[in-house]
Amino acid sequence: MTDITAPDGTPLSSFCFGAMQFGGKADHDASHAMYLACREAGINFFDTAHVYTDGTSETWLGEFAASERDKLVIASKANYPGGAGRDNILKSVDDSLSRLKMDMIDVYYLHRWDGDTPLEESFAALAEIQEAGKIRHVAVSNFAAWQVMKAQAVAKDCGTRIDMIQPMYNLVKRQAEVELLPMCQSEGIAAAPYSPLGGGLLTGKYRAGGEGRITESEMYSKRYSQDWMHNTAADLNTLALQMRMDPATLAVAWAARHPGVTAPIISARDVDQLQPSLAAMSFEMDDALYARISSLSPTPPPATDRLEEA
């Protein structure tokens with residue numbers, strides 16, 4: 001595995017903070033407070049994207065990070081509505097660098113798979129901006145395992161490689177266990193999965209009448225629409241009550257526990273909401289508890305679907 005560190009050599013933190021809410025649900029003061037809370041907790045890995053909050057996320061993250069840039073690992077993503085063509089990649093990275101007020105982005109993702117653009121064009125462009133020093137590591141987000149491996153072969157021909165992926169992964173979205181995370185372990189690719197709380201489902205707040213992504217977004221409502229998912233969230237909440245813990249801490253610690261996970265991406269709207277996720281950094285989950293929580297949701301079958309091999 002390529003060693004991903006901060007520019008000054010500081011190791012990558014075991015958790016990543018996702019700045020998707022900066023400039024959206026989190027105003028400037030709340031965003032800065034969350035950044036500082038992450039730094040105090042030891043997080044030096046921050047994730048944003050070209051499309052987040054019309055660029056405000058990148059702008060504010062760059063502002064907060066300016067005084068200690070070389071100690072941090074900054075990740076961003078190309079503007080996926082524009083596709084994965086060369087022109088869009090080159091424009092996207094320049095836009096992001098300008099907003100961040102940085103000379104280089106440490107981890108740069110293709111945000112989504114683009115079936116209409118040849119991989120050769122996409123990865124030649126990524127290799128070009130890497131050679132120019134605008135990015136350090138090439139990455140992909142929301143790719144299937146076969147797409148990653150197909151792209152990796154093309155990346156090699158272009159003189160680069162995919163060093164990190166960003167899949168969705170949580171207790172009710174475990175598809176990454178089938179091929180993506182084993183692929184990362186086999187091929188030396190880092191994994192920074194997003195949504196360890198399942199859009200807030202695993203916090204238990206919706207059963208209490210709370211609001212969040214699942215109540216506010218049709219996309220998230222559909223993503224977490226199945227009854228068994230809500231039952232799993234209720235069971236996790238019951239377990240957390242028995243343990244006198246926050247269910248969010250258990251959910252994030254569970255996602256971080258998988259050996260194929262490098263750093264789960266946590267996020268929030270304010271520091272109070274963030275604290276249970278930060279607490280997961282110092283929570284040591286033993287094998288028995290990991291197995292108990294895993295049993296609350298279906299384990300996906302192996303890729304061959306030969307259940308006797310599971």
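Readers should treat all values here as calculations from the given coordinates under stated rules, not as data from a laboratory. Every value quoted in this text rests on a predicted model; they were computed, and no experiment measured them. All Cβ positions, even for glycine, are placed from backbone atoms using ideal geometry, and neighbour counts span all protein chains on display.
Just a few scattered comments:
- Convex hull projection area averaged over all views, segment 59-109, Cα basis, nm²: 3.3
- Per-peptide average of other Cβ atoms within 10 Å, ordering 194-204, 10-20 highest first: 194-204, 10-20
- Overall Cα dimensions of the chain, principal axis frame, Å, largest first: 54, 50, 37
- Pairwise label distance in nanometres, Thr10 with Asp54, each label 7 Å out on the Cα-Cβ vector: 3.2
- Share of pairwise Cα separations in segment 160-201, more than 13 Å, in percent: 53
- Cβ-to-Cβ counts within 10 Å put Cys184, Cys158 in ascending order as Cys158, Cys184, the fewest first.
- Panel order for Tyr80, Tyr108, Tyr290, by other beta carbons found within 10 Å of each beta carbon, from fewest to most: Tyr290, Tyr80, Tyr108.
- Cα long-axis angle, helix 145-157 against the chain (0 to 90 degrees, to the nearest 10): 20
- Rg and Dmax of segment 1-147, both derived from C-alpha coordinates alone, stand at 14.8, 43 Å.
- The chain, helix-only ellipticity at 222 nm - DSSP H runs n ≥ 4, -39,500 (n - 2.57), divided by all residues, nearest 500: -12500 deg cm²/dmol
- Cross-link reach list, lysines versus Lys150, counting only Cα pairs under 28 Å and skipping chain neighbours closer than eight places: Lys77, Lys91, Lys134, Lys173
- In units of the rule-of-thumb radius 2.2 N^0.38 Å, segment 94-249 shows an alpha carbon radius of gyration of 1.25.
- P(r) tail fraction, segment 60-158 - alpha-carbon pairs more than 22 Å apart, %: 26
- Whole-angstrom gap from segment 116-163 to segment 240-310, using each part's C-alpha centre: 30
- Sorted by Cβ density within 10 Å, fewest first, the residues Thr117, Thr215: Thr215, Thr117
- A simple count of charges around Leu278, restricted to other residues whose Cβ falls under 13 Å of its Cβ and scoring Lys, Arg +1 and Asp, Glu -1, yields -3.
- The chain - share of DSSP beta bridges that are antiparallel (%, nearest 5): 10
- Sorting the Cα pairs of segment 170-310 by distance into bins of 10 Å, from 0 upward, gives 11, 42, 36, 10, 1 percent per bin.
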